Amino acid sequence: MSVILAIESSCDDTSVAICNNGKITANVIANQTIHQNYGGVIPELASRVHQQNIVPAVQQALVNANVTKQDINAVAFTRGPGLLGSLLVGVSFAKSFALALNVPLISVNHMHAHILAHFIDDPKPSFPFLCLTVSGGHTQIVLVKDYFDMEIVGETLDDAAGEAFDKTAKLMALPYPGGPLIDKHAKLGNPQAFKFAEPQIADLNFSFSGFKTSILYFIRKQEQQNANFIAENLDDICASVQHSIVQILLNKLKKAAKQYNIKEIAIAGGVSANSGLRDGLQKTADELGWNIYIPAFQYCTDNAGMIAIAGYQKYLKKDFVGQDVSPMARMEF
Ligand code: KG4
Ligand code: ZN
């Protein structure tokens with residue numbers, strides 16, 4: 001029997017989850033809306049809001065899971081990678097809570113957890129599988145051989161896919177985070193309206209910084225002829241940008257699947273909530289006979305449910321850490 005309380009605070013969402021015998025019975029996510037005023041996450045503000053949110057989020061998670069503090073057998077937390085100040089709030093809270101309850105502490109790598117979110121609901125992928133992890137800070141193709149035996153086989157050389165969405169959205173004066181808004185407008189637009197060149201990057205790696213600049217120049221050029229270009233074409237621009245990013249991601253994923261001869265394919269991270277990516281992946285799977293795995297929306301973007309399920313796997317192995325553990329903004333994969 002095990003009840004694990006998990007804390008996630010790597011960026012701008014404060015999240016607390018409970019895993020009861022391998023089942024997620026609570027996943028509370030307190031979003032921070034304050035960053036919308038600034039067009040991106042302000043680290044200092046994020047830490048302060050985590051500080052305000054964390055205790056109420058823990059209390060709510062206990063209520064939702066119908067357990068008490070005394071039922072908790074271990075506390076799992078995100079050690080990194082992420083914003084140091086944000087991580088410090090979660091790590092300090094987890095350490096104090098575990099100390100007060102006299103239970104073990106479990107350290108979780110945020111990027112592993114995005115992938116292990118696939119072990120929350122059925123169907124679960126079987127090993128080995130490939131996972132495209134696409135978030136605001138990372139774009140990776142990972143060969144997953146076992147729960148904690150993973151190898152990055154391709155990654156971005158500059159911006160992440162989520163940044164490509166968010167920065168393009170910013171060019172169009174859409175508020176942060178722009179990814180979900182691009183998705184919303186894309187549903188109403190024509191994905192073939194405008195063409196953007198696919199970056200030519202070797203192997204299984206990605207690059208999005210040149211792509212973003214090409215969109216900036218394209219918009220500037222159009223605006224010289226029509227000052228209202230964005231307003232009049234917003235849906236078509238969003239649909240075209242989304243289509244291009246999805247094609248870049250899927251083309252590399254196809255290449256990886258072929259290279260490793262694997263048909264078990266998963267996507268993870270905030271951008272895996274994107275409807276264009278989900279539809280594109282389904283079409284590719286139909287063509288190539290892939291078995292695909294897409295997390296439920298609440299487990300795509302940052303959440304403690306994924307930390308709790310990763311923590312559960314470590315709990316089974318008694319893989320604990322001591323009170324001297326500290327957060328790591330950059331954490332080895
Ligand atoms: O995994 P996540 O919540 O946080 C990080 O660890 O970075 O990912 C956040 C990223 C943001 O860039 C956000 O714009 C993007 O995921 N995102 C989306 C969608 N939902 C979230 N991008 C495109 N379409 C969406 N529906
Ligand atoms: Zn994340």
Cα gyration tensor category, rounded, prolate or oblate, for segment 125-294 with a/c compared to 1.5: prolate
GNM top mover of 156, 139, 68 - the chain, alpha-carbon springs below 10 Å: 68
Protein accessible area in segment 125-294, 1.4 Å probe - carbon and sulfur %: 49 percent
Residue-normalised accessible area of the chain, expressed per residue, 1.4 Å probe, Å²: 44 Å²
Sulfur and carbon atoms: percent of accessible area, segment 69-123 [1.4 Å]: 53 percent
Highest-MSF residue in the chain out of 299, 176, 260 [GNM, Cα springs under 10 Å]: 260
Relative contact order (%) - segment 125-294, alpha-carbon pairs under 8 angstrom, separation at least six: 28 percent
Estimated vicinal HN-Hα couplings, Hz - segment 132-140 in sequence order (Karplus 6.51, -1.76, 1.60; Gly, Pro = x): 8, 9, 10, 9, x, x, 9, 9, 9
Under-5 Å amide H pairs with residue 76, H placed in peptide plane, nonlocal only: 5, 6, 7, 106
Within straight-line cross-link reach of residue 95, aspartates and glutamates at Cα separation under 12 Å, skipping those fewer than 8 residues along the same chain: 324
Exposed-site-free run, longest, the chain (rule: trypsin sites (Lys or Arg not before Pro); DSSP loop; at most 16 other C-beta within 10 Å): 1-186
Phi-based couplings in Hz for segment 14-20 (Karplus 6.51, -1.76, 1.60; Gly and Pro marked x): 9, 9, 9, 10, 10, 10, 10
Above-threshold pairs, the threshold being 25 Å between Cα atoms, out of 254/314; 167/314; 145/254; 184/283; 252/317: 254/314; 167/314; 252/317
Amide H within-cut-off set for residue 159, under 5 Å, with H built and near neighbours excluded: 208, 209
Farthest positive-ward along the chain dipole, Cα basis, beta-carbon charges - from 174, 315, 31: 315
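The values are calculated or read from the model by the stated rules, or taken from the named source; none is laboratory data. Remember, predicted model here, so these are calculated numbers, not experimental data. Backbone-built Cβ (ideal geometry, glycine too); neighbour counts: all protein chains shown. Please note that ligands, DNA and RNA were not included when accessible areas were found on the heavy atoms of the full protein model with its side chains. Shrake-Rupley method; radii C 1.70, N 1.55, O 1.52, S 1.80 Å.
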